[in-house]
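Enquirer: Starting off with a structure, shown below.
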Amino acid sequence: MDCPHVCQLNGSKLANSSHLKTLCAVQEFECSDCKSKKNSWICVHCGQVGCGRYVCGHAKEHFEQTPGHSLCFDANTFAVFCYLCDEFVVNDTRSRLLQHLRNKFLSNNDPENCRQNQQNAQNVSTGGAVKRKGSHENQQKSNNRKKMKANQRLAKARAAGLRNLGNTCFMNAVLQSLSNIQQFSCYFKQLPALDKHRWNGSRTAIASARRMTDGDVLLAEELRKTMISLWEGSKSAISPESLFAVIWKVVPRFRGYQQQDAHEFLRYMLDRLHTELLGIVPNPTKRHNNTQNLYLLPAGKSTIVTSIFGGVLQNEVTCLVCGTESKKHDPFLDLSLDIPQMCSNMKNGVNNGEETPQSCHLSDCLSSFTELEELAETELYNCPNCKQKQRSTKRFWIRRLPNVLCLHLKRFRWTNFFRTKLDNYIEFPVNGLDMSQYVLSNMHETRGSACGSTFYDLAAVIVHHGNGAASGHYTSYATHEDCWHHFNDSSVTICDEQTVSQSKAYILFYIRRELNLTPFTI
């Protein structure tokens, strides 16, 4: 956003060269109060470093205690945030002071420069000559490294951000993730304007969609407009006000401006889109009898939602008394994975006086999901052979893999009367997630349903920052035009793969290497 408070920078201390030189020489920023190095912010007006509101909030305390000090730098991306506007800033002063400061931070924190400065300081202290870069080739390499790092941090991201309308980061993170799943977003961008009064589906689907529709609003139509705006690239950030207004009408659960759970919103949104599209989009088999379309199956019960995210689980329950086995097939749009108890109980060590949770791998969560377990006494199985409730075991297998595998990590658990967050780092692969060991291996059981690759590559990640389920902040990482981007509401910055892999994921979106889809033409 264009911040009116940027003009306060005229005559600020940070514009003074001596103060700037001291601050920019810092190699690693830490909070001046609690010494934490997580989520550091630098006051643009005085240079004081404080931790973010989701650590201890000392940067915000500094703003509240020091009138006029509303602007600060993100120590990781050097984006500017205004506490008065509660938004990231995109404008600059006439003298381009903010850009000048960014360039200073980058040039003084370049690793090659740091090593050279340390060597020069050592030579001067010992009376030796200052070592210069002796060849044009070395100088060129150093310049290339600087340019590469500057481009990664400061290159203008082509993707557009989404303005925060008041604790709507949960919605923004989901929308940016879905927008950068090409097979999903391209479908909506190709759709014509949707008219609720021209229904073409079956009578059952029409009746169901109409019951869920409030007035003349359609979530699918507003999502189509939002997807188009995000990919136009004409603005650095757009406002999803119209979409949010429709969500208020059709899903009362999300009315208001309190923080919501991103996973709950994702499920509500996908379920709603599926129901609407069943009644709005025509069944292609009636118009194109010779074309098999996997976006909308001949039965008329599939949409882009189920074709992209839909998979099938096989639920196996075995009676421990007579051995009778029951199998049930359950469709799913995402898999909710528990963080194994051994990981949530164990600690890695002590960091800044606090114990850090034990890290584990995504494969541990998937194995825990599919492993054999005995049902509790409160969940006795009503055995059809024994004619009474008996002790039993349960096991899940994936019968059919989806084209986009959505994995939700259960980071929130109920403790007495409130929910706590499991802040474990879950290691996950960015490329080559192999799901073969979690899929049914019996070919008879999976005939016609398990074809296609079992390898997946990461497309998007949603991260929850903070401790509470009803508080904190959501951001997302996603690949946009073959480059990783960090989407933080209005702010969009280019990042590298390592940054993505080190994030504490909440929801992961993996795309199948060999999709089981036929292109759909409206």
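Enquirer: Restricting attention to region 93-120, which residues are modelled with pLDDT of 70 or more and open to solvent by less than 40 Å² (accessible area, probe 1.4 Å)? Step through it out loud before you land on a result.
Expert: Pass one, region 93-120, residues modelled with pLDDT of 70 or more: 93-105.
Passing the criteria: Thr93, Leu97, Leu98, Leu101, Arg102, Phe105.
Enquirer: Right, something else. Just to be sure, is Leu178 modelled with pLDDT of 85 or more and within 23 Å of His485 (Cβ to Cβ)?
Expert: Yes.
Enquirer: Shifting gears a bit: Can you report the number of residues in region 359-394 which are touching a residue at least 60 places away in the same chain (Cβ under 8 Å) and farther than 26 Å from Gly432 by Cβ?
Expert: 10
Enquirer: Sticking with this one: Could you check region 255-270 and list, in sequence order, the residues that are open to solvent by less than 70 Å² (accessible area, probe 1.4 Å), free of Cβ contacts under 8 Å to residues at least 24 places away in the same chain and outside any loop (DSSP other than H, G, I, E, B)?
Expert: Of everything in region 255-270, just one residue is open to solvent by less than 70 Å² (accessible area, probe 1.4 Å), free of Cβ contacts under 8 Å to residues at least 24 places away in the same chain and outside any loop (DSSP other than H, G, I, E, B), namely Glu264.
Enquirer: So, restricting to strands (runs of 3 or more DSSP E) that lie completely within region 356-433, which ones have at least 1 residues that are crowded, with 17+ Cβ neighbours inside 10 Å, modelled with pLDDT under 90 and hydroxyl-bearing (Ser, Thr, Tyr)? If you could, list the steps in order and put the result at the bottom.
Expert: Numbers: elements: 381-383, 388-390, 392-400, 404-410, 412-415, 418-421.
In region 356-433, 381-383, 392-400 are the strands (runs of 3 or more DSSP E) which contain 1 or more residues that are crowded, with 17+ Cβ neighbours inside 10 Å, modelled with pLDDT under 90 and hydroxyl-bearing (Ser, Thr, Tyr).
Enquirer: Across region 434-462, what is the total count of residues that are out of contact with any helix residue (DSSP H, G or I) (no Cβ under 9 Å at 6 or more places or on another chain), modelled with pLDDT of 65 or more and either open to solvent by 60 Å² or more (accessible area, probe 1.4 Å) or not in a strand (DSSP E or B) (or both)?
Expert: Within region 434-462, residues that are out of contact with any helix residue (DSSP H, G or I) (no Cβ under 9 Å at 6 or more places or on another chain), modelled with pLDDT of 65 or more and either open to solvent by 60 Å² or more (accessible area, probe 1.4 Å) or not in a strand (DSSP E or B) (or both) number 5.
Enquirer: Please specify each residue of region 484-510 satisfying the condition of being farther than 22 Å from Phe88 by Cα and surrounded by fewer than 21 Cβ atoms within 10 Å (Cβ to Cβ).
Expert: Looking only at region 484-510, we keep the residues that are farther than 22 Å from Phe88 by Cα, and these are 497-498, 501-502, 504-510.
Those that are farther than 22 Å from Phe88 by Cα and surrounded by fewer than 21 Cβ atoms within 10 Å (Cβ to Cβ): Glu497, Gln498, Ser501, Gln502, Lys504.
Enquirer: Tell me which residues, restricted to region 67-89, are surrounded by 18 or more Cβ atoms within 10 Å (Cβ to Cβ), more than 22 Å from Glu28 (Cβ to Cβ) and at pLDDT below 80.
Expert: Answer for region 67-89, where residues must be surrounded by 18 or more Cβ atoms within 10 Å (Cβ to Cβ), more than 22 Å from Glu28 (Cβ to Cβ) and at pLDDT below 80: Glu87, Phe88, Val89.
Enquirer: So which residues in region 41-66 are at pLDDT below 85 and either open to solvent by 70 Å² or more (accessible area, probe 1.4 Å) or outside any loop (DSSP other than H, G, I, E, B) (or both), if there are any at all?
Expert: Arg53, Tyr54, Cys56
The values are calculated or read from the model by the stated rules, or taken from the named source; none is laboratory data. Source: prediction; values computed, not measured. When we count neighbours, we look across all protein chains shown, and the Cβ atoms used for this are built from the backbone with ideal geometry, even at glycine. The area values use the complete protein model at the heavy-atom level, side chains included, leaving out ligands, DNA and RNA. Shrake-Rupley method; radii C 1.70, N 1.55, O 1.52, S 1.80 Å.
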